[in-house]
Amino acid sequence: MAGNPNNFGAKGGKPTHPQLLDWLAADFVEHGWRLKRLHRLIMKSDTYRQSGRHPQASELAVVDPENHLFAYRIPRRLSAEELRDSLLKATGELNPAIGGLPVMPEINMEIALQPRMIQFSIAPAYQPSRTPAERNRRTIYAYRVRGQADPFLEVFNQPNPNDSCEERVSESVTPQVFTLLNSDVMSDRAVALSLRAEREAKSLPEQIRRAVQLAYGRVPDKVEAERLKKYVQKMRTYHAAHKPEPVKYPTAITRSLVEELTGQPFDYEEVLPVFENYVPDKKPAEVNAKTRALADLCLILFNSNEFMYVY
Amino acid sequence: MNTTALHRRDFLYGFGSSLGGLAFTDLLAREAVAGPLAFKKPMHDAKAKAVIMLFMEGGPSQVDTFDPKPKLTELHKTESKRTGTLEQGFKFFVGSPFKTRKVGQSGLDMSEHWKHLPEVADELCNYRGCMAESLNHPEALFHMNTGSRLGADPALGAWVNYGIGSVNQNLPGYVVMTELALPQGGSRNWSNGFLPGQFQGTRLRSSGSPILDLHAPAHKTLEHQRQALGELTFLNQRHAGKHPEHKNLAARMASYELAYRMQAEVPGVIDLNGEPEHVREAYGMNQKETSVFGRQCLMARRLVEKGVRFVQIFSGGWDSHDYLERGHSARIRSVDKSMTALIKDLKQRGMLDDTLVIWTGEFGRTPDNNRRGGVYAIGRGHNADAMTMLMAGGGVKRGAVVGATDEIGAKAAEIAHPIRDLHVTLLHLLGLDDNKLTYFHAGRYKQLSQFGGKVIKELIA
């Protein structure tokens, strides 16, 4: 209701519902500045529990096009952290443990191993945590390297750690598409959801139903079920003829750089001990054509607007 | 709450006009029609419409490249009592190990290892008045690239694209190429900062996938992907049917189409196999020490030709603290041939007039050094008070020296300006007014120069 997120002063925008805002603020202070209590109060109110949609959308578009009066809820794209957590939750890979040391999620391997200059030298390579349980924790536990963002989170607008962020942005840009369609991280999640659906349901229609349920929180209708089944069947034929390359994690990499003090190029080897007994997530090459075909559908579900937006 | 870019900007539109941000709202209005990356008319007549920035990371020495100081040769190895530098203890002056000669009709100074650059000397403007303010690499890099030493603000290329948009919607408007190793401070040097994500520099990688995850894994064919996109469209359309009030669904669907087109266009632009042998040779692609930079320079020309607004190439290793002679001669050799070819090529194609080429580091180097490891190390420290840079094309003076350093090259002495003035000048050449190119963030309108600056008129032709 405040005019803008971090400027309540004279130059800020005016609140939309000043009396309600004052009442909530006073109540908040009177009851000991407790946020959880405030959240409960808001969420249990009749207003909050109304439908987020408006029955007369076209009339509303004329009366209040910017929705200043909050007659309906503007859908919100999942934030970077929510997106990663939601993917892991849907696939059943999420380790919900609370607290503890920061973890190193698996990030794009090209970026992880990319040499990066720091004063006088090259920074050590990014090495993910060794086991899936260790690294597939909630994103709030992910270690943040200041000079090296996780490209997945970065592309979905995780704010950079050097500046305060008053409001998340969530515009749709093409690099997001590349990440969601083509990255190894997403390919692994698609395989994981496919394997889970196969574990939890027998026939193909049931597996599709389960995958949609896990991604969308609803089951597919008849039209969807029919079309998606045809697609997966077609992909079964495709994958029987197209074998993926196995993924190898290097245990050492050769670094070449221009020596800072002399301007001369040189090479050295950096060992990556974590990959000596690394437990990778299941890769496309390790599962059969049927699983890969269902994974194609899972990837599409994860790319779809219904998964990406909160209503 | 309105968290989408579109709503946030709609909101700012109303807000900005109440504060008299006329140009600002104008930007938004234009954007609302054609999308944030679309071509926008400059604010005033522009001399340049694209920038190629050759960033020499580490800090090239002015004295050993383009700004010779005979006085230093006289003082060689005598004690220096200068203070305020990073180097501690006994310091001594360092004369340049290189000979210098006058080149071109205009008689520009160049040290002896520039073998090719003299051929385009009369296109160059050597600016000697810039002052960097920071003595550390990352802060100085951030300052030169983003206008702020803190490394959280939008990069030059991001501001430029915010201001004038891109003429090619199938390519990113701001492209960055690095060596194998990223420069200090990494991607914060080409960050969109508080500007929307579209304005972030896109790294075009010389090995592996040119843009991260541009292509599907090898076992998925183009036809496979087309079918997948068909299914995605099916699901998205059904979903959109259920949510007619949700404006952003269409934008997100459109981003998939743009991605598909980009996937098709990018490989064509970066595939240099179609370039004739004499061009590849001219850019130095056939020699080991220039092959990477040469390839990147040629790529830069092709990208600008296709409408990319801002191309940045990082080339490191200029931090010659100890072995100045070896270090700087090797670094000069690694860029000399390719950048000469780039300027010639742009000229020949009639592109130099409206393409601004800038060659610069993050700061300059000192006239003296300390006894590193107890010996007279012939090298130089970091210098925030003087540096040297080259510009060509884009409306800057040709065959000119602008500004001067003092007689030992320690401090900028004439036409001395901080980096923000350089930035303001650069925007000016592109038809943009720094005071009007603003974005509301953290409670105030922010601009590239932070709090305004001056156009360096002497640089402009």
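Annotations
- Among the residues of the stretch A:1-19, those identified as under 14 Å from A:PHE70 (Cβ atoms) and at the interface with chain B (Cβ under 10 Å from one of its Cβ atoms) are A:MET1, A:ALA2, A:GLY3.
- Qualifying residue in the stretch A:185-200 (condition: surrounded by 20 or more Cβ atoms within 10 Å (Cβ to Cβ), in contact with a helix residue (DSSP H, G or I) (Cβ under 8 Å, 6 or more places away or on another chain), within 8 Å of chain B (Cβ to nearest Cβ) and within 26 Å of B:ILE211 (Cα to Cα)): yes
- Identity of the residue in the stretch B:239-250, of a type in the set (Gly, Ala, Ser) and out of contact with any Leu (no Cβ under 7 Å at 6 or more places or on another chain), that ends up nearest to the other protein chains (Cβ to nearest Cβ): B:ALA250
- Residue that is nearest to A:TYR143 (Cα to Cα) [pool: residues in the stretch A:75-122 that are within 11 Å of another protein chain (Cβ to nearest Cβ), under 18 Å from the mean Cα position of the chain (by Cα) and in a strand (DSSP E or B)]: A:ARG77
- Filter pass, B:ASP353 being out of contact with any Phe, Trp or Tyr (no Cβ under 8 Å at 6 or more places or on another chain) and assigned to a loop (DSSP other than H, G, I, E, B): no
- In the stretch B:67-95, the residues that are closer than 14 Å to B:ILE378 by Cβ and assigned by TED's automatic domain parsing to the domain that holds B:ARG371 reach residues that are among the β-branched types (Val, Ile, Thr) and part of a helix (DSSP H, G or I) with C-beta atoms within less than 8 angstrom, at least six apart or across chains, in these pairs: B:GLY95/B:THR73.
- Subset of the stretch A:262-285 [more than 13 Å from chain B (Cβ to nearest Cβ), of a type outside the set (A, V, I, L, M, F, W, C) and assigned to a helix (DSSP H, G or I)]: A:PRO273, A:GLU276, A:ASN277
- Subset tally (residues that are within 7 Å of another protein chain (Cβ to nearest Cβ) and either touching a residue at least 12 places away in the same chain (Cβ under 8 Å) or surrounded by 19 or more Cβ atoms within 10 Å (Cβ to Cβ) (or both)) for the stretch B:218-238: 5
- Qualifying positions in the stretch B:206-217 - surrounded by fewer than 18 Cβ atoms within 10 Å (Cβ to Cβ) and in contact (Cβ under 8 Å) with a residue 12 or more places away in the chain: B:SER206, B:SER207, B:HIS215
- Restricting attention to the stretch B:270-296, the residues that are farther than 26 Å from B:LEU214 by Cβ and not β-branched (Val, Ile, Thr) add up to 10.
- Any chance B:PHE92 is surrounded by 24 or more Cβ atoms within 10 Å (Cβ to Cβ) and touching a Phe, Trp or Tyr at 6+ places or on another chain (Cβ under 9 Å): no
- With respect to (1) within 12 Å of chain B (Cβ to nearest Cβ); (2) more than 24 Å from the chain's Cα centre (by Cα); (3) assigned to a helix (DSSP H, G or I), the lone exception for A:GLU306 is condition (2).
- Qualifying positions in the stretch B:74-133 - in a loop (DSSP other than H, G, I, E, B), touching a helix residue (DSSP H, G or I) at 6+ places or on another chain (Cβ under 9 Å) and more than 26 Å from B:LEU356 (Cα to Cα): B:VAL94, B:GLY95, B:SER96, B:PRO97, B:PHE98
- Note on the stretch B:326-355: residues that are within 14 Å of chain A (Cβ to nearest Cβ) and either modelled with pLDDT of 95 or more or buried (at least 19 other Cβ atoms within 10 Å of the Cβ) (or both) total 10.
- The stretch B:304-327: number of residues that are in a helix (DSSP H, G or I) and over 29 Å from B:LEU429 (Cβ atoms): 4
- Qualifying residue in the stretch B:113-127 (condition: within 14 Å of chain A (Cβ to nearest Cβ) and hydroxyl-bearing (Ser, Thr, Tyr)): no
- Condition met for A:ALA25 (within 12 Å of another protein chain (Cβ to nearest Cβ), out of contact with any Phe, Trp or Tyr (no Cβ under 6 Å at 6 or more places or on another chain) and of a type in the set (Gly, Ala, Ser)): no
- Residues in the stretch B:189-208 that are more than 7 Å from chain A (Cβ to nearest Cβ), part of a loop (DSSP other than H, G, I, E, B) and polar (S, T, N, Q): 4 in all.
- Residues located in the stretch A:123-140, provided they are away from chain B (no Cβ under 14 Å) and assigned to a loop (DSSP other than H, G, I, E, B): A:GLN127, A:PRO128, A:SER129, A:ARG130, A:THR131, A:ASN136, A:ARG138
- When we screen B:ASN192, B:ASN168 for residues that are within 15 Å of the chain's Cα centre (by Cα) and either surrounded by fewer than 23 Cβ atoms within 10 Å (Cβ to Cβ) or of a type in the set (S, T, N, Q) (or both), the only hit is B:ASN192.
- In the stretch A:238-252, of all residues being outside any loop (DSSP other than H, G, I, E, B) and in contact (Cβ under 8 Å) with a residue 24 or more places away in the chain, the one that is surrounded by the most Cβ atoms within 10 Å (Cβ to Cβ) corresponds to A:HIS239.
- Residue that is closer than 18 Å to B:THR233 by Cα, touching a residue at least 40 places away in the same chain (Cβ under 8 Å), buried (at least 20 other Cβ atoms within 10 Å of the Cβ) and of a type in the set (A, V, I, L, M), where the choices are A:VAL232, A:VAL173: A:VAL232
- Residue pairs whose Cβ atoms lie under 6 Å apart, sitting 6 or more positions apart in sequence or on different chains, and linking a residue in the stretch B:372-399 that is in the same structural domain as B:GLN88 (by TED's automatic domain parsing) and within 21 Å of B:MET56 (Cβ to Cβ) to a partner that is in a strand (DSSP E or B) and among the aromatic types (Phe, Trp, Tyr), are B:MET389/B:TYR127; B:LEU390/B:TRP359.
- Inclusion of A:ARG218 among residues that are more than 8 Å from chain B (Cβ to nearest Cβ) and not in a helix (DSSP H, G or I) is warranted.
- Candidates B:GLY173, B:GLY147, B:GLY186, filtered to the one that is farther than 23 Å from B:ALA413 by Cα and in contact (Cβ under 8 Å) with a residue 24 or more places away in the chain: B:GLY173
- Among the numbered conditions (1) in a helix (DSSP H, G or I); (2) in contact with an Asp or Glu (Cβ under 9 Å, 6 or more places away or on another chain), the only one that A:ILE42 does not meet is (2).
- Residue satisfying all of: in the stretch A:146-159; out of contact with any strand residue (DSSP E or B) (no Cβ under 9 Å at 6 or more places or on another chain) and surrounded by fewer than 20 Cβ atoms within 10 Å (Cβ to Cβ); farthest from A:SER86 (Cα to Cα) among these: A:ARG146
The values are calculated or read from the model by the stated rules, or taken from the named source; none is laboratory data. All values reported here derive from a predicted model rather than from experimental measurement. A quick note on method: Cβ atoms are made from the backbone with ideal geometry, for glycine too, and the neighbour counts reach across all protein chains shown.
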